[in-house]
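What follows is a set of notes on a single structure, which appears directly below.
What follows draws every value from the coordinates through simple rules; no lab data is involved. The shown structure was predicted, so the numbers you read here are calculated from the model rather than taken from an experiment. With ideal geometry, Cβ positions are generated from the backbone for all residues, glycine too; neighbour counts draw on all protein chains shown.
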Amino acid sequence: MTEQDLIAACKRQDRRAQKLLYERHAPVMLGVCRRYVHDPATAEEVMVEGFFKVLTKLDLFNFEGSFEGWVRRIMINECLMHLRKSNPFKHAEEINPNIDLGEEPTVVDRLESEEILGLLDELPPGYRTVFNLYVVEGYKHREIAEELGISINTSKSQLILAKGRMEELVKKRLGKVGN
Amino acid sequence: MNSRKDIFTVFLESSKQFAVQPSPHAWQNLERKLDSQPKEQGRVVLMRWATALAAMFVLVVGVWFVNNLGKAPSFAVEHEPMPKMLQNLVNTEGCNPYCLLLKERKELPAYYANPVRN
């Protein structure tokens, strides 16, 4: 079944099609939610809420751009909504945002799934959110500031701090010292 | 090693393949939410209709009120002089037509309680 057929069947409330669409996208989308939400059970709840919105608002998808991108966007919004409730930026640290981030090579070429989660789980929620939005989703600091209701400087500071902490963790956890 | 990448690149490339298998409960929870959806939708539709009807009622009452705001209330006839032509007309009941008209409209002022007899 092509994606278009599947979406059309889901719009008709075909439960089998809804399950198929869920099964196709759930692992990647839970991966997205897990990157933002520390607790696995909560991340799964957020994902379910996201899929509920996807399946009940399919009429809003106009086939411009990829369907997976549209679903991912809904999941990220759902995660951010969840994170806003706990206000992770209440005591956000600010540093000079003009520090050059540099292109310092890290000690690894690739991270495994468990390592990604292990590293992210060590970061405070504020660092983790900005890091994900900037590095993985490709948001600009202005967009991150708007989404999270913080200043652009806070966003930049959180990213610099996140990067520093991440590099430290990579060196420590993976126990490899590169040159 | 020059081929090494910075942490942003490593993380971005590694995250592309990042997937986590959800528990079977996740689909069951989603299905339960989807099953309750029509009821919720029905309730929302009902609420919308109720709101629309209430708004229409307020609008109709408002329009009526605005239209009737400038008009004199019916009891004002109490102070209107009786048309002279009618004053002299007497019907069989001994009440002139103006008096009968007020009687019919149940707006007969106190001083017309006893019909004028000529």
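General observations
- Charge sum, other residues only, whose C-beta stays under 12 Å from A:LYS140's C-beta, Lys/Arg counted +1 and Asp/Glu -1: -2
- Computed over neighbours whose Cβ is under 15 Å from that of A:TRP70, the net charge equals 0, Lys and Arg +1, Asp and Glu -1.
- Peptide A:37-45, shielding by other chains (average Cβ, 10 Å cutoff): 2
- Ranked by the mean number of other Cβ atoms within 10 Å per residue, highest first, peptides A:38-47, A:51-60, B:47-56 order as A:38-47, A:51-60, B:47-56.
- When peptides A:22-31, A:7-16 are sorted by average Cβ neighbour count within 10 Å, with the highest value leading, the order is A:22-31, A:7-16.
- Average partner coverage of A:154-160, which counts Cβ from other chains inside 10 Å: 0
- Near A:THR129: Cβ cut-off under 12 Å, other residues only, Lys/Arg at +1 and Asp/Glu at -1. The net charge is +1.
- Cα-Cα over 22 Å, subset of A:LYS11/A:LYS85; A:LYS57/B:LYS33; A:LYS57/A:LYS156; A:LYS85/A:LYS163; A:LYS11/A:LYS140; A:LYS163/B:LYS16: A:LYS11/A:LYS85; A:LYS57/A:LYS156; A:LYS85/A:LYS163; A:LYS11/A:LYS140
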